[in-house]
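Here's the structure, in structure tokens; my notes come after.
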């Protein structure tokens with residue numbers, strides 16, 4: 001091999017390695033057991049999703065908890081979400097500027113929000129410090145549901161993470177036994193459903209996990225929620241609480257949330273849409289009784305069928321914000 005050919009091969013190899021390294025943007029750290037925060041799904045554009053997330057979270061966190069003490073540093077949120085298209089290129093500049101300011105000031109206090117690599121495509125993890133992520137996310141969705149004001153373009157769902165453990169069935173069940181007590185242990189009780197999804201994890205099967213949490217007492221692993229209080233009942237229509245179990249690689253993210261159905265599975269795009277107008281009862285009464293009952297039955301069956309089709313998508317699939325897995 002000539003010297004020229006050898007040099008060309010080296011340059012090609014170096015170029016490939018650099019391109020592969022930069023293929024996926026990653027934060028300085030990754031999602032780990034013991035963290036709390038918010039899982040945010042998006043559709044392809046993770047950089048823009050991160051910028052929108054900081055905008056949204058800082059806006060509502062200031063309402064609930066007041067401005068962050070270190071707010072004289074960069075807030076990581078630029079301007080409003082409506083300006084993100086024009087300022088997407090400024091995200092790198094803003095992040096580099098904040099790092100430089102933090103290093104110059106010698107600040108050791110961790111920021112209220114920190115973007116980490118989640119370990120899955122189209123999912124970012126925002127680690128939170130000194131706040132209740134479930135309370136914050138519920139506050140955001142409640143306001144969006146009331147105002148119907150769209151404040152993001154690429155964010156799909158915002159799921160609080162108030163507990164994490166290793167994503168092995170034995171570890172999950174042991175952790176959940178204690179974690180679920182504040183909501184379901186006697187004398188507390190509630191109707192509930194389970195929203196389960198696994199990403200980049202082949203050893204966790206949806207049916208097995210759900211049976212171990214909400215199955216009958218005679219299953220091999222028993223029923224966790226039922227053991228805490230037999231009065232706890234599954235309700236797939238309008239549950240008081242939803243147990244969210246999101247597995248990403250070797251980490252299981254858990255939370256218990258309210259109004260999961262009302263706020264469209266915590267989808268910020270869907271929650272701002274106007275609800276479909278309900279049929280006028282007076283107009284319905286003008287129809288024949290038999291025809292009305294038939295229409296009602298068909299509508300009910302169609303809705304149920306659509307819900308049943310909401311099964312968990314295959315691993316690696318782009319998160320549409322409407323994945324199934326609820327029970």
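Can you pull out the strands (runs of 3 or more DSSP E) entirely within region 104-197 that have at least 3 residues that are within 29 Å of residue 59 (Cα to Cα) and out of contact with any helix residue (DSSP H, G or I) (no Cβ under 7 Å at 6 or more places or on another chain)?
Numbers: elements: 113-117, 123-128, 155-161, 163-166.
Result: 113-117, 123-128.
Hey, can you tell me all the residues within region 233-260 that are assigned to a loop (DSSP other than H, G, I, E, B) and either surrounded by fewer than 17 Cβ atoms within 10 Å (Cβ to Cβ) or modelled with pLDDT under 95 (or both)? Lay out the reasoning, then the answer.
Of the residues in region 233-260, the ones assigned to a loop (DSSP other than H, G, I, E, B) are 235-240, 249-250, 259-260.
Answer for region 233-260, where residues must be assigned to a loop (DSSP other than H, G, I, E, B) and either surrounded by fewer than 17 Cβ atoms within 10 Å (Cβ to Cβ) or modelled with pLDDT under 95 (or both): 235, 236, 237, 238, 240, 249, 250.
Regarding region 205-225, can at least one residue be identified that is surrounded by 16 or more Cβ atoms within 10 Å (Cβ to Cβ) and at pLDDT 90 or above?
Checking region 205-225: at least one residue is surrounded by 16 or more Cβ atoms within 10 Å (Cβ to Cβ) and at pLDDT 90 or above.
Might you let me know whether region 152-165 holds any residue that is at pLDDT 95 or above and more than 27 Å from residue 64 (Cα to Cα)?
Yes, that holds for at least one residue.
Do we have any residue at all in region 68-82 that's assigned to a helix (DSSP H, G or I), out of contact with any helix residue (DSSP H, G or I) (no Cβ under 8 Å at 6 or more places or on another chain) and modelled with pLDDT under 75?
Start the filter on region 68-82 by keeping residues that are assigned to a helix (DSSP H, G or I), which leaves 81-82.
Add one more test, that the residue is out of contact with any helix residue (DSSP H, G or I) (no Cβ under 8 Å at 6 or more places or on another chain), and what stays is 82.
From what's left, modelled with pLDDT under 75: 82.
The answer is yes; a qualifying residue exists.
Please go through (1) modelled with pLDDT under 95; (2) under 25 Å from residue 235 (Cα atoms); (3) surrounded by fewer than 19 Cβ atoms within 10 Å (Cβ to Cβ) for residue 202 and return the number of the only condition it doesn't satisfy.
(2)
The values are calculated or read from the model by the stated rules, or taken from the named source; none is laboratory data. What you see is a predicted model, and the numbers here were worked out from it, not measured in a lab. As a convention, Cβ positions derive from the backbone with ideal geometry for all residues, glycine included, and neighbour counts pool all protein chains shown.
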